[in-house]
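Encoded as structure tokens, the structure appears first; notes follow it.
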Amino acid sequence: MAFFSVDMRVLRSFLSVVETGSISETARRLGRTQPAITLQMKRLEDLTGRVLFEPDSRKPVLTDEGNIVLSYARAILRLHDELHAQLASTDIEGHVVLGTPDLYAAFLLPGVLALFRKAFPRIQVELRCSLSTPLVSLVQRGEVDIALVTRMPGFSGGQVVRQEQLIWVMGEGHDVHRAEPVPLALLPPGNIYRDYAIEGLEQAGRKWRIACTSESVGGLQAAVFGGIAVTVLCRSALVHGMRALGVQDYFPPLPRVELLLYRASGPMSAAATALYDYLAHNLADRTPQSETPHLRESTQV
């Protein structure tokens, strides 16, 4: 095969198609049209001289050679982004306000922000924790530079950077999940975690009551560890001392939620741009799905 070079944007599109199992979802995430993404995939096959997707599959299904290209695409993009960050970091300084619910601040961001600080030591990140809905208003008013939030009904704009599986959780060593009605520890009304918990139990025919309402994940954890309630969290927040509940415990399956990354309108500083790009890349869930190489459409929330 002759020498060839591949545009990083094509590799990112290819990686997104594999991770989401959807041309349309990739187009939505990257702000492109479906024909444009399809053309990129065809271009990648032409460049490699290999068939990367099964031609007779209704959804994107990788061939064996497609999986080989996938492994190299991940490595190439990782090295490319690391090099870009290292070369840019010494020249960028400034102050950035990042808003996010404390759930994500506690369980998703610490490792990413620690690496960002090493790559960009002259950028000061101010973390502001609040619920998703007020944070979207803050970033739209320019009071927050960047916001990582849960997609709620009515939200528009923002870049989808991650999906989180919701799970039922209770404290280990307790049997509160057997209580009727089920005592729940939930976020305040208007939050999608709360909505899915209540809707799921009602559809399953189980009675429920509110045992704890908290704007903070700390309050939900206290109720769970104390054995007074069951709650709904993202899987990333499952820690020692908690037990996940499932259909075997008569709790219905829960969907995934989408995490959106917003930026303030108007020109962004170099520091804010660096943090935005770093979060968008490093928060993406690249864990191979159980369906790979047979992919399915992502759950839409």
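Here, each number is a calculation from the coordinates, and none is a lab measurement. Keep in mind it's a predicted model, so treat the numbers as computed, not measured. Using ideal geometry, Cβ is built from the backbone for each residue, glycine included, and neighbour counts are taken over all protein chains shown.
Laid out as a table, the results:
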item	result
Exposure proxy ranking, count of Cβ atoms within 10 Å, fewest first, for M8, M152	M8, M152
Check: the chain dipole with +1 on Lys, Arg Cβ and -1 on Asp, Glu Cβ, in debye	200
Candidates A105, A75, A270: whichever shows maximal mean-square fluctuation once the chain is modelled as a Gaussian network with Cα springs under 10 Å	A75
Degrees between helix 109-119 axis and first principal axis of the chain (Cα, 0 to 90, nearest 10)	40
Gain on full stretching of the segment that runs from H95 to L283 - 0.36 nm per residue minus C-alpha separation	65.6 nm
10 Å-binned pair-distance histogram of the range 8-88 (Cα, whole percent)	18, 51, 26, 5, 0
The range 143-226 - Rg and Dmax from Cα coordinates, angstrom	14.9, 45
Helix 64-89 vs. the chain, principal-axis angle (Cα, 0 to 90°, nearest 10)	90
In degrees, nearest ten, helix 34-48 long axis to first principal axis of the chain (Cα)	50
Segment Q248-L47, extension gain: residue separation times 0.36 nm, minus the distance between their alpha carbons	67.5 nm
Positive-pole candidate from G190, T48, F116, dipole of the chain, charges at beta carbon	G190
Potential extension, S24-Q165 segment - 0.36 nm per residue separation minus Cα distance	48.7 nm
Total charge dipole magnitude, the range 8-88, about the Cα centre, Cβ charges on Lys, Arg, Asp, Glu only, Debye to nearest 20	340
Inter-part distance where the range 30-47 and the range 200-252 are each reduced to a Cα centre, Å	42
Calculated [θ] (222 nm, deg cm²/dmol) that DSSP helices of n ≥ 4 give over the chain, each run adding -39,500 (n - 2.57)	-12500 deg cm²/dmol
Three-way shape call for the chain based on the alpha-carbon gyration tensor, with the a/c threshold at 1.5	oblate
Lysines whose Cα lies under 20 Å from that of K42, excluding same-chain neighbours fewer than 8 positions away	K59
